[in-house]
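Below: the structure, in structure tokens.
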Amino acid sequence: METKHAVNLLPRAYRDLDGIYEYIAETLMEPGIAAKLVDSLEEAIFSLESMPKRGALRKTGVWAKKGYRQLFVGEFTVLCRVEEAKKRVLVVTIRYSKSQF
């Protein structure tokens with residue numbers, strides 16, 4: 001049985017989740033949809049404990065070709081870096097996929 005990786009969200013990733021929830025719940029007035037979306041994002045993020053390399057390597061943008069991986073969840077991209085030596089996945093940011101980043 002393979003050892004699980006710890007999944008750590010950097011402060012920016014927490015802010016991103018909060019911002020996604022806030023925009024959908026308060027600006028679009030859809031708190032139920034916002035909660036379901038954030039739950040889906042968190043479920044995908046924490047699935048990296050057992051499948052840390054499930055996302056594709058990032059090939060475009062600022063984080064391209066630096067070992068960062070991207071995981072697509074609905075219309076959002078979770079950007080992370082796997083640190084094998086520490087058995088850890090660092091979630092860097094969560095962005096709307098259609099944005100240029």
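Taken together, the values in this text are just the output of simple stated rules run on the coordinates, not laboratory data. All values reported here derive from a predicted model rather than from experimental measurement. A quick note on method: Cβ atoms are made from the backbone with ideal geometry, for glycine too, and the neighbour counts reach across all protein chains shown.
May I ask you to list the residues of the range 86-101 whose amide nitrogen lies under 19 Å from a point 7 Å from Cα along the Cα→beta-carbon direction of Ile33? Residues passing the 19 Å test: 95-99.
A simple spin-label model places the labels of Glu43 and Arg15 2.9 nm from each other, with each point 7 Å out along Cα-to-Cβ. Of the trypsin sites (Lys or Arg not before Pro) found in the range 1-52, those that fall in a DSSP loop while having at most 13 other beta-carbon atoms within 10 Å are Lys4. Taking Cα atoms only, the orientation of helix 11-22 departs from the longest principal axis of the chain by about 30 degrees.
If you line up the long axis of helix 31-46 against the longest principal axis of the chain, both from Cα atoms, how many degrees apart are they, to the nearest 10? Around 0 degrees separate the two axes. Equivalent-ellipsoid semi-axes for the range 6-96 (Cα gyration tensor, √(5λ), whole Å, largest first): 24, 14, 11. Taking amide H atoms as placed 1.01 Å from N in the peptide plane, the amide H of Phe76 lies under 5 Å from those of Ser97, each 5 or more residues away in sequence or on another chain. What chymotrypsin sites (Phe, Trp or Tyr not before Pro) does the range 28-96 have in DSSP loop regions with at most 11 other beta carbons within 10 Å? Counting only loop positions with at most 11 other Cβ atoms within 10 Å, none of the chymotrypsin sites (Phe, Trp or Tyr not before Pro) in the range 28-96 qualifies. Return the distance in nm (one decimal) between the two label points of a simple spin-label model at Ala64 and Ser99, each offset 7 Å from Cα along Cα→Cβ. Once both label points are built, they end up 1.9 nm from each other.
From the alpha carbon centroid of the range 1-35 to that of the range 59-97 is 14 Å. Sites listed here are GluC sites (Glu not before Pro) in the range 49-93 whose DSSP assignment is loop and whose Cβ has at most 11 other Cβ atoms within 10 Å: Glu75.
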